[in-house]
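Written below as structure tokens is the structure these notes are about.
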Amino acid sequence: MENAVDAGLILRTEGLSKQFRGLRAVDDVSLRIRRGSIHALIGPNGAGKTTCFNLLTGFLAPTGGRIFYKERDITRLPPAEVARLGLGRSFQISSIFARATVLENIRLALQRKRGDSFDFYRSDRALGAYEVEAEKLAGMVGLQDHLQAPAGALPYGRRRALEIATTLALDPELLLLDEPSSGMGQEDVERITDLIRSVAVGRTVLIVEHNLPMVASLSDCVTVLARGSVLAEGRYADVAADDKVVEAYIGGGYA
């Protein structure tokens, strides 16, 4: 029966923990991420959400526990190797090249996927091989009319959309998004919500997010962290009604 359950999982952790000088930022966390789902990781500030993301993607080494991606143990793999296996990750702080155009940013991400140099010295014809795919990705995130715009000149919401496009350029099977709506107004939140829903078709999405209406709209499953541990898990409506979750959010400064 256990094998039948695991067959539907793309990522799982066993007793995942991270300690910083006596502080257990992540404490015995066991996640189960189902293939094809949008799974949200939520909790008050300091709950361990981003630390957990950093562990899953190899940016931090765990103090204890194990991480399995498609039943392969990736616990100690470096970030580049984790990404090559199909885990694509965006960051809470945008990581685009501000002076490059939208098209150039996506094209560079496509070159990174190939694993060679960025080929700045190559001919326009050689680099142009990436442009059709780059334009397609720009269209997926609503940036088809901004291809030649410097990335740094884009409104904040569109910069986050560009970051998602550069992550999608790596063709991840599992897309990890860290606070995609952070700092956005309502119009941009709605745009990013629609974007995540569209790019989730055919892949799995794990999202860290503070915007609870967005989480309610998108997620198939929610894991609530508090003080580094799993407090509750299930459908959003169920965890939102859990007294322990309500208390944790009130204590963390949320209504």
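No lab work stands behind these numbers, since they all come straight from the coordinates. Bear in mind that the values here come from a model prediction, so they are computed numbers and not experimental data. With ideal geometry, Cβ positions are generated from the backbone for all residues, glycine too; neighbour counts draw on all protein chains shown.
Which whole-number value in Å³ per residue fits the convex hull of the alpha carbons of the chain?
Once divided by residue count, the hull of the chain is 138 Å³.
Backbone amide hydrogens, once placed in the peptide plane, bring A149 within less than 5 Å of V102, L103, excluding anything fewer than 5 places away on its chain. Taking amide H atoms as placed 1.01 Å from N in the peptide plane, the amide H of D27 lies under 5 Å from those of K18, S229, each 5 or more residues away in sequence or on another chain.
If the chain between R235 and S217 were fully stretched, how many nm would it gain, using 0.36 nm times the residue separation less the Cα-Cα distance?
5.4 nm
Report the longest stretch of the chain that contains none of the chymotrypsin sites (Phe, Trp or Tyr not before Pro) sitting in a DSSP loop with at most 11 other Cβ atoms within 10 Å. Answer - 122-255.
Rg/Rh, computed from the Cα trace of segment 127-255 with Rh as the Kirkwood radius, has the value 1.04. Annotation: amide H of A226 within the under-5 Å range of L231, sequence separation 5 or more or interchain, hydrogens built in the peptide plane. Listed values for segment 61-75 are Karplus-derived 3J(HN,Hα) couplings in whole Hz (6.51 cos²θ - 1.76 cosθ + 1.60, θ = phi - 60°), namely 8, x, 6, x, x, 9, 10, 10, 10, 6, 6, 9, 6, 10, 3, and x replaces Gly and Pro.
Fully extending the segment from R112 to K244 would add 43.1 nm, taking 0.36 nm per residue of separation and subtracting the current Cα-Cα distance.
Hey, with R₀ at 41 Å, roughly what FRET efficiency would A129 and R72 work out to, going by the Cβ-Cβ distance, to 0.05? Walk me through the numbers before you get to the answer.
Working: r = 31 Å, r/R0 = 0.77.
Calculated value: 0.85.
Taking the alpha-carbon centroid of each part, what is the distance from segment 176-255 to segment 1-79 in angstrom? Cα centroid of segment 176-255 versus Cα centroid of segment 1-79: 17 Å apart.
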